[in-house]
């Protein structure tokens, strides 16, 4: 017969065991509270360089500190006691004159309605003065696909017109590039980068809704008004001077003026034998800009590894959204609850669970949590981090990036963005199987989502990455009525079942890699794979 003191002792032991195991479980009330705070009107839409930023980065740094993580920047930023949790991200704000006009032959095209034009060069005025116009098809130079649209033309100082996406999407031929799934060669960012390497003065990307994956209204809103950019020591002179888009109807008129058929040339551009075509007209444009400089911040915190502290597993999510916009009817706050207060809350909860595990069985490698600034304005915070001033890319094992979580009920699958890209997909498959779930390939690969979030800044430097994104997959109404709109607000009715299972999955992958000697590799031949091989050979 047990004595009372023995019974009490057993109860205490059982309670302690329960409490110890419970700290490894996802604390959904805590996650909900983080989302609620970050997406509150008080945080004013978490716009970079606003009071919303100040509130957000202090909240995140304080929460990481409470959990027990140390600041991830060895050099304190500013005078704040939380400065070791911040990374400075110097940015230039470039605001173009909204009344610019593009003249091509007899056509006078209106900014916003017919075309957009902006720059990342730090210059108050950039001009196109009777600049020759050349149609270069898809504007792709891809040795691994034996494809080079620039092979037979010199575009130095010229304005090039290019098609969006890539020939695989246009033909739906699985043997051409990757068929329906967009490659990086199809992204508008690549078009500008390659044209800059070729010495072009300007690029005008022809907009069509299907291959672009969004309507002209998105192009117009994303490429007019103030934009931010990082600034290098040469004021970004290596960047393309003018980055533009053309409405389809305007494009057809431009080609007609030269006695050419846009649709016929677009068809010709689907073959490797296509030769660029010089148009009869020239381009004239004066791009005037107002320029100001300011500093935003990434938030960085880490769990220090016991054996290999200089090898890092990264877990990230962007903290920013669109802030507050003034209208004649009053201010509109874009709270960004799902995009991306949910992902930011996810990194905090992952940090809490992994820190609790680390205190009992220390991880061999370090785990670093980073919340990026200015994702919504061009992956700026992650681009700054990818430069390696805090951690060299050769020391980054892999990145798990969250950009919008499933705040609704649990599902029996996890979305995988990209197919056959890297060995990180194998880690995803193993962790998913352990949950008795299945991997589901991105149902909209033509949208190229793998190339549109912060992990891609690291991928370009060779760091294998996974994107965790549920925007619109479990809630189709979200994309139509809430995505990048003021309606993306927190709801107490969310079950957060999807958040729970995805955090558990990411914790599993992070823990596995943190106690491994493996360095995940890229599978598909690409610039990313080459960059990784060079890095690991150092």
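Tabulated results
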read-out: Fully extended contour minus Cα-Cα distance, from residue 307 to residue 485, at 0.36 nm per residue; value: 59.5 nm
read-out: Label-point separation, residue 290 to residue 197 (7 Å along Cα→Cβ), nm; value: 3.7
read-out: Length gained when the stretch residue 519-residue 209 is fully extended (0.36 nm per residue, less Cα-Cα span); value: 107.7 nm
read-out: Estimated inter-spin distance, residue 217 and residue 361, nm [label 7 Å along Cα→Cβ]; value: 5.2
read-out: For region 104-291: relative contact order, % (alpha-carbon pairs under 8 angstrom, 6 or more apart); value: 38
read-out: Contour minus Cα-Cα distance for residue 172 and residue 41 (0.36 nm per residue); value: 42.7 nm
read-out: Anisotropy class of region 166-231 from Cα gyration tensor, a/c 1.5 cut; value: oblate
read-out: Ranking of 34, 293, 484 by count of other Cβ atoms within 10 Å, fewest first; value: 293, 484, 34
read-out: Förster-model FRET efficiency, 22 Å R0, residue 51 and residue 327, C-beta, rounded to 0.05; value: 0.70
read-out: Coarse-grained scattering of region 67-196 at q = 0.12, 0.20 Å⁻¹, given as base-10 log I(q)/I(0) from a Debye sum over alpha-carbon atoms; value: -0.72, -1.17
read-out: Cα-based convex hull, the chain, per residue volume (Å³, whole number); value: 168
read-out: With 10 Å bins from 0: P(r) over region 104-291, alpha-carbon pairs, percent; value: 9, 39, 38, 13, 1
read-out: Average Cα contact separation per residue, the chain, under 8 Å, 6 or more apart, as relative contact order %; value: 19
read-out: Two-site label geometry, residue 226 and residue 438: point separation in nm, points 7 Å out along Cα→Cβ; value: 4.9
read-out: Alpha-carbon centroid distance for the pair region 498-538 / region 271-336, whole angstrom; value: 24
read-out: For region 318-373, the fraction of alpha-carbon pairs in successive 10 Å shells from zero, as %; value: 20, 34, 24, 13, 7, 2
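Rule-based calculations on the coordinates, nothing more; no lab input. As the structure is a prediction and not an experimental result, all values here were calculated from the model. No Cβ is skipped: glycine too gets one built from the backbone with ideal geometry, and neighbour counts run over all protein chains shown.
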